[in-house]
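To start, the structure under review is shown below, and the notes come after it.
The values are calculated or read from the model by the stated rules, or taken from the named source; none is laboratory data. Keep in mind that what you see is a predicted model, and the values were worked out from it rather than measured. In this analysis, Cβ positions are derived from the backbone assuming ideal geometry, glycine residues included, and neighbour counts consider all displayed protein chains. Just so you know, the surface numbers come from the protein's heavy atoms only, side chains and all, with ligands and any DNA or RNA stripped out. Shrake-Rupley method; radii C 1.70, N 1.55, O 1.52, S 1.80 Å.
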Amino acid sequence: MNNLLWTIFALLAAYLIGSVSFAMVASRLFGLQDPRTFGSGNPGATNMLRTGNRKAALFTLLGDAFKGWLAVALAIYLAPMAGFTDTTIALVAVAVFLGHIYSFFLNFKGGKGVATAVGVLFALQPWLAVATIATWLIIAVFFRYSSLAALVAAVFAPFYYYVGGMAVWPFSMAWFLAICFLTLVLIAKHKKNIANLLAGTESRIGQKKKTK
């Protein structure tokens, strides 16, 4: 198999891996309501937490993060054999992320991609992921808004990677651009949350919303 075919296969596989919705899996596994029918309608960990079932929310969080890590980690592992460049790995990171947001299995709809993005960061550079998660936790603990924490962490992720790449780990422009892309998409996907935050109507972490 030549490099082009390997690349096409990797991107398609990454997209399909990203398309697996662990919120939907959790809703069936724990006998819960379809996450698209209550709260924010978002099939993600934060909305699953609104069911009051913390195990389901944790399962969703870890599952969505794992698939992001898996797709990118596999691409990095196979790079020597398949001839993947940093650009290919960056495209795989984007593909698995977009798979979550525009899931093939959910009629090209999905979650906002926060957990999957964190999984991607773990595969690209673990310390970058640690710094980003720490940022999320600090904002979440002090302000109790998951969306605000996600937005702040997303904005800081490219900055962390750039600074770390100058002093701590090898820097890849392709990876940096992929992280910037993830940040921009995350901000766009939180457009409604930003409006709610400004209006003072955004739900806090653990707060239940009425069923649609």
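Some notes on this structure:
- The chain - percent of accessible surface contributed by carbon and sulfur, probe 1.4 Å: 71
- From its DSSP helices (H runs of at least four residues, each -39,500 (n - 2.57)), the chain gives a residue-normalised ellipticity at 222 nm of -23500 deg cm²/dmol.
- Sites count as exposed loop sites when they are chymotrypsin sites (Phe, Trp or Tyr not before Pro), lie in a DSSP loop, and have at most 16 other Cβ atoms within 10 angstrom; the longest stretch of the chain without one is 31-101.
- Principal-axis analysis of the Cα atoms of the chain puts helix 114-124 at an angle of about 20° to the longest axis.
- Heavy-atom accessible surface of the chain, averaged per residue, reaches 52 Å², computed with a 1.4 Å probe.
- Over all pairs of different C-alpha atoms, the chain has a mean inverse distance whose reciprocal, the Kirkwood radius, equals 17.3 Å.
- Rounded to the nearest 20 debye, the dipole magnitude of region 1-77 is 240 debye, with +1 charges on Lys and Arg beta carbons, -1 on Asp and Glu beta carbons, and the Cα centre as origin.
- The chain: relative contact order as a whole-number percent, Cα under 8 Å and 6+ apart: 24
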